[in-house]
Amino acid sequence: MPTPAPDPADDAVRADDATSPPVPRRAWGLILGVAAFVLVADQLSKWWAVRTLTTRTIDVVWTLRFNLTGNTGASFSSFGGQGPLISLGVVAVVVAVLWLSPMAPSRLGSVALGMILGGALGNLTDRVFRGDAGFLHGAVVDFIDVQWWPVFNVADMSVVIGALLLAFSFLRAPAGSSGLASGQGSGQGSTNG
């Protein structure tokens, strides 16, 4: 009996682990596309901030202002001066996002993973390229200041929003389903995608 030709839209790329379900190319495309968008938006906004806010602060509305700072620590300016250690943690986040990609329960989950990946890469880029004290000693450019919360940037927003969306997407997923990434829970490619 002839086997039907696979649907190119559901062509899958297997993860390194043989037990992981195949990840449809469109899921990888969505994750990587969102990550690239976030990375570019983050770096362009930081370029603007460094160029514009070096000698001034811009009051926007209510308590929101643009105020340039450099963060050598972790999120919300904690663990100052621990750049190399934090950078290793960021690399671990990137690896975890790539490892979790086959488990994204939906397109929303894939978008969320892309947001987390793009944000992590945006801040890692700063640590690699924005420092004079050596590899991974750069300061992350932060400039969004609401004055009642630590100063942050587009990458930080993307990581936090992505994490919330990822949690929401897993809560919405039917029990036992891994959605888009595994062909709607069957472990096989699906045309329902």
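Counting Cα-Cα pairs of region 24-173 in 10 Å increments starting at 0 gives whole-percent bin shares of 12, 39, 33, 15, 2.
The local environment of residue 50, defined by Cβ-Cβ distances under 14 Å, has a net charge of +1 under the rule Lys, Arg +1 and Asp, Glu -1.
Summing charges over all other residues whose Cβ lies under 10 Å from the Cβ of residue 137, with Lys and Arg as +1 and Asp and Glu as -1, gives +1.
Values quoted throughout were computed directly from the atomic coordinates according to the rules given, and no laboratory measurement underlies them. Note that this is a predicted model, so its numbers are computed, not measured. Positions of Cβ are generated from backbone atoms using ideal geometry, with glycine treated the same way; all protein chains shown enter the neighbour counts.
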